[in-house]
2 protein chains.
Amino acid sequence: MPSPFTLLKTFGAARRGQLRTRYGVIQTPVFMPVGTQATVKAVTPESLSAMGAEIILGNTYHLFIRPGHELIARFGGLRQFMNWQGSILTDSGGFQIFSLRELAKISEDGAAFRSHLDGAKLFLSPEDAVHVQEALGSDIMMCLDTCIPFPAEEKEIIASTNLTTRWARRCRAAQTQDDRLLFGIVQGGMDAALRMQHARDLIGIGFDGYAIGGLSVGEDKEQMLAMIEACSPVLPSDFPRYLMGVGTPEDLVEGVWRGIDMFDCVMPTRNARNGCLFTKRGKLIIKNGQYRDDPRPADESCGCYTCRHYSRAYLRHLYTSREILSYQLNSIHNLHYYVQLMAEMRQAIEEDRFASFRADFYGARSGN
Amino acid sequence: MPSPFTLLKTFGAARRGQLRTRYGVIQTPVFMPVGTQATVKAVTPESLSAMGAEIILGNTYHLFIRPGHELIARFGGLRQFMNWQGSILTDSGGFQIFSLRELAKISEDGAAFRSHLDGAKLFLSPEDAVHVQEALGSDIMMCLDTCIPFPAEEKEIIASTNLTTRWARRCRAAQTQDDRLLFGIVQGGMDAALRMQHARDLIGIGFDGYAIGGLSVGEDKEQMLAMIEACSPVLPSDFPRYLMGVGTPEDLVEGVWRGIDMFDCVMPTRNARNGCLFTKRGKLIIKNGQYRDDPRPADESCGCYTCRHYSRAYLRHLYTSREILSYQLNSIHNLHYYVQLMAEMRQAIEEDRFASFRADFYGARSGN
């Protein structure tokens, strides 16, 4: 089966590649800003493009509930609806449905749940999840998966993971648009053997890419990295690998180091709104009194719009004054930091110096 | 005394002119977006420039309290602090102090008041008001005035207006930077004779421009227009005239019709955040269900960033989802509407067709 992924270069397990969607070619490893409700919070699409973002993530669950996938389809899909010039990956909705566990009921057929907005009874089968994502005009769709709580009993993990496999097979069969990519999601809890078996099961079905799901759910970092390492040797090297919902800048570096190609996380935008800025030297809490008079940009080595034009003192003033521009400027900076970090990792792999890049990355932070 | 204003053309009482500040030349009649806390809410300075805004208003009261004028002075003034490429007018703080009446105490010396943030005791004399505005790097400063409640007793109006005159004289004497412009503020309540007398008193002191204050405080439209008409013949035609805190699009048209050159109002940005969009055909309440599927831009005749890229359906989705981008896009549209309305009025005066412009303006609205 043909792969949308081209591996250009490796450094140990780390991979420099290109991922083709029907919209364009994405340079990997890549970070995908999260646009939950048809907008990356507080950021215009033009700002995203200007900072080099090539693909964003949309949330099927949220868009299914509001404004509805049929409405978005009538507008030509999410890209046209929200004025985004780039590729779009949509999650399946599984994670959100399971996050609202008390409102959800899982059966062989699919997930029955209630809208968190108005309590309306809703149902999403694996087939529905694919058709909703097709209606959204997604370029990369995700299979509907079940999420396993952490910690969980082995029996529950096995049953849940096997259901994810059966749902994945139904998702593959349900696809009607063959220019869209469909990724399988490897589950298996924190059990390495189960993870490997599940990866093999999904490979047996055959997908355009493979995601590692169910991580960053409360486990410690070592467990998370161990699960990535368990999956890595099993996943086909010529297909893209996506670590879902992860994570900190450190997580991105360690993920790439272990062969991950794609990431998404709300952290850069959510932290931005809470006044936490990412810098090469670590986190900067902008409300702190030490920045009251500070004329320097948030990160002196950063070339983002925010750092080119605004001082820490001004950003602190906006934050303490609860001005909307605070969310805008902080979000631009943090997303730029994430996107730029990926660009630097790509370059380091290309130039065969990813080990020293990684050492420098940690060195700059500890020097703070 | 030299005037910063050049009158280019008139149409009846309406005036097409240019106002020179130390920063640049402003085309009048002009609308000044309000940037209360060193930011026009939810809009970047680049967006303001892109829509043609040439001057914004900063609030002395708010900036005095947070982050403080000394801090802003250390950054080279408000323009540098907030990254604005244009002129800045600052109000005197009088209006805000009087809006917090129960926290304020007026004496011959000045206004004693408490910070609305932390209750700290503060004092602002007329001299302080000028020096704070100088520290803020204002291009056009306003005299500290007393605001008269509406309705008020004649005795109170007279006493308050006379105090404003004495304060205005002290403001003029306190000015240390002669490249800044200083405007006097005509008070006088809703009494035409008092307004005219006060205007003459201020002209006697001599200012770089004259504002009409104390309107849009609850009086009806006819009273407001009558007060403008009372001041107009008294104010020197070769100096700029500024109607403070006004108003609706209709108010701008009627103000220009009666010879006003400058306006400011929070209405475009505040209404934007409440989902009320200004259009040539009147107000559009974006949350209304009729816009759920509407693929048209907010205003089909508008060339703003928002209208070029986003549908009413998308704007409605953002608003109902309480997304920050809703504030951003709505604010851009409404400010563009105001700035564009002024540009159209300037052109209509230049082309000697302001009467038909005014008729068309109302015609488009009644046709909605």
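What follows is calculated from the coordinates using simple rules that are stated; it is not laboratory data. Source: prediction; values computed, not measured. Cβ placement follows ideal geometry from the backbone for every residue including glycine, while neighbour counts extend to all protein chains displayed.
Below, the figures for the structure above:
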| quantity | calculated |
| --- | --- |
| For the range B:161-208: span of alpha carbons on each principal axis (Å, largest first) | 35, 17, 15 |
| Contact order relative to length of the range B:1-147, as percent, for alpha carbon pairs under 8 angstrom and 6 or more apart | 21 percent |
| Alpha-carbon centroids, the range A:1-35 and the range B:316-355: separation in whole Å | 42 Å |
| More than 40 Å apart - percent of Cα-Cα pairs taken over chain B | 12 percent |
| Candidates B:201, B:293, B:139, ranked by Gaussian network fluctuation over chain B, Cα under 10 Å, top entry | B:293 |
| Cα long-axis angle, helix A:221-231 against chain A (0 to 90 degrees, to the nearest 10) | 50 degrees |
| Cut-off 20 Å (backbone N to label point 7 Å along Cα→Cβ of residue B:293), residues of the range A:55-85 | A:63-82 |
| Degrees, to the nearest 10: A:354-366 long Cα axis against longest axis of chain A | 60 degrees |
| Förster radius 35 Å - calculated FRET efficiency between residue B:301 and residue A:116 (Cβ-Cβ, nearest 0.05) | 0.35 |
| Charged-residue dipole, Cβ positions (Lys, Arg, Asp, Glu), the range B:161-269 about Cα centre, Debye nearest 20 | 540 debye |
| Highest-MSF residue in chain A out of A:324, A:140, A:56 [GNM, Cα springs under 10 Å] | A:324 |
| Cβ-vector label at 7 Å, residue A:229, separations to other copies in nm | 8.6 |
| The range B:268-368: mean projected area of Cα convex hull, nm² | 6.2 nm² |
| Gaussian network model of chain A, Cα within-10 Å springs - most flexible of A:93, A:58, A:119 | A:119 |
| Reachable lysines, given that their alpha-carbon falls under 21 Å from the alpha-carbon of residue A:287 and they are not under 8 places away in the same chain | A:41, B:41 |
| Translational diffusion coefficient (Stokes-Einstein; Kirkwood radius from C-alpha pairs) of the range B:1-60 at 37 °C, 0.692 mPa s, in µm²/s | 251 µm²/s |
| Whole-Hz ³J(HN,Hα) from phi, Karplus 6.51 cos²θ - 1.76 cosθ + 1.60, for the range B:195-204, glycine and proline x | 4, 5, 5, 5, 4, 5, 4, 5, 4, x |
| Beta bridges by DSSP in chain B, antiparallel share as percent, to the nearest 5 | 45 percent |
| Cβ crowding within 10 Å averaged over residues, with B:306-314, A:124-132, A:302-310, B:1-9 ranked highest first | A:124-132, B:306-314, A:302-310, B:1-9 |
| Distribution of pairwise C-alpha distances over the range A:1-102, 10 Å bins, in % | 14, 39, 32, 13, 1 |
| Relative contact order, percent, the range A:216-278 [alpha-carbon distance under 8 Å, six or more residues apart] | 31 percent |
| Two-site FRET efficiency, residue A:352 against residue A:322, from Cβ-Cβ distance with R₀ of 45 Å, rounded to 0.05 | 0.45 |
| Unit charges on C-beta of K, R, D, E only; dipole of chain B, Debye | 840 debye |
| Long-range HN-HN contacts of residue B:17 with modeled amide H, under 5 Å | B:8, B:28 |
| With Cα atoms, 0 to 90° folded angle of helix A:154-174 axis to chain A main axis | 80 degrees |
| Where only alpha carbons of the protein assembly as shown are counted, the Rg and the Dmax (Å) | 30.0, 91 |
| Cα-centred dipole magnitude for the range A:1-110, charges only on beta-carbon of K, R (+1) and D, E (-1), debye, nearest 20 | 340 debye |
| The range A:96-161: C-alpha gyration tensor shape, a/c 1.5 cut-off, then a/b vs b/c | oblate |
| C-alpha center-to-center spacing [the range B:191-254, the range B:104-143] in angstrom | 23 Å |
| Under 9 Å, Cβ to Cβ, from residue A:181 - net charge with Lys/Arg +1 and Asp/Glu -1 | 0 |
| Expected 222 nm ellipticity per residue - DSSP helices of 4 or more, -39500 (n - 2.57), all of chain B, to 500 | -12500 deg cm²/dmol |
| Three-way shape call for the range B:65-139 based on the alpha-carbon gyration tensor, with the a/c threshold at 1.5 | prolate |
| Mean separation of Cα contacts under 8 Å, 6 or more apart, over the residue count of chain B: relative contact order % | 18 percent |
| For the range A:97-219, alpha-carbon Rg relative to the globular expectation (2.2 N^0.38 Å, N residues) | 1.04 |
| Per-residue average of Cβ from other chains inside 10 Å of B:41-49 | 3 |
| For the range B:228-321, convex hull volume per residue from C-alpha positions, Å³ | 109 Å³ |
| Farthest toward positive dipole pole in chain B [+1 Lys/Arg, -1 Asp/Glu at C-beta], among B:56, B:148, B:307 | B:307 |
